[in-house]
1. Hey, can you tell me all the residues within segment 26-37 that are under 20 Å from residue 62 (Cβ atoms), assigned to a helix (DSSP H, G or I) and under 13 Å from the mean Cα position of the chain (by Cα)?
2. Any residue at all in segment 46-59 that's part of a loop (DSSP other than H, G, I, E, B), touching a strand residue (DSSP E or B) at 6+ places or on another chain (Cβ under 8 Å) and at pLDDT below 95?
3. What do you reckon, is residue 130 in contact with a helix residue (DSSP H, G or I) (Cβ under 7 Å, 6 or more places away or on another chain), on the phi < 0 side of the Ramachandran plot and loosely packed, with under 15 Cβ neighbours inside 10 Å?
4. What number of residues in segment 62-78 are exposed (fewer than 12 other Cβ atoms within 10 Å of the Cβ) and under 19 Å from residue 24 (Cβ atoms)?
5. Just checking, how many residues over segment 19-68 are farther than 17 Å from residue 109 by Cα, free of Cβ contacts under 8 Å to residues at least 60 places away in the same chain and in contact with a helix residue (DSSP H, G or I) (Cβ under 6 Å, 6 or more places away or on another chain)?
6. Only one of 23, 16 is within 18 Å of residue 114 (Cβ to Cβ), surrounded by 14 or more Cβ atoms within 10 Å (Cβ to Cβ) and at pLDDT 95 or above. Can you tell me which?
């Protein structure tokens, strides 16, 4: 998916792990709609991060640099996992042609829902409910 280390110094996973639901979000720090939805993703990560795998994939190319993305995450105090995507292969594979784009993948690896614009807290919860039932 990407070849640049994430915040924790490890490489991005080649495949989304099966067995745990996944919220996968493609974003950039310069993207206003991305910025608007991130506090809701952070809140859900704090609430459900042990039960759902959150993959916040920064589109680190073109307008975005690794440095600007890292500064943005640090300044905002976000703690969800951030993967820095320096090539466009994952975005192309998932059809993420606009930002933000979010995919909701169930524990069996099936893409159950997606959003190709910013989503609010209520919509995020509705989509999470489709991939995870406590």
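1. Matches in segment 26-37: 34, 35.
2. So far as segment 46-59 goes, no, none of its residues is part of a loop (DSSP other than H, G, I, E, B), touching a strand residue (DSSP E or B) at 6+ places or on another chain (Cβ under 8 Å) and at pLDDT below 95.
3. Numbers: in contact with a helix residue (DSSP H, G or I) (Cβ under 7 Å, 6 or more places away or on another chain): no; on the phi < 0 side of the Ramachandran plot: yes; loosely packed, with under 15 Cβ neighbours inside 10 Å: yes.
Criteria not met by residue 130.
4. Number of matching residues: 0.
5. Number satisfying all stated conditions: 3.
6. 23
Residue-wise test of (1) modelled with pLDDT of 90 or more; (2) within 14 Å of residue 55 (Cβ to Cβ).
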position	(1), (2)
78	yes, yes
91	no, yes
97	no, no
107	yes, no
111	no, yes
115	yes, no
124	yes, no
127	yes, no
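The values are calculated or read from the model by the stated rules, or taken from the named source; none is laboratory data. Every value quoted in this text rests on a predicted model; they were computed, and no experiment measured them. Note: ideal-geometry Cβ built from the backbone for every residue, glycine included; neighbour counts use all protein chains shown.
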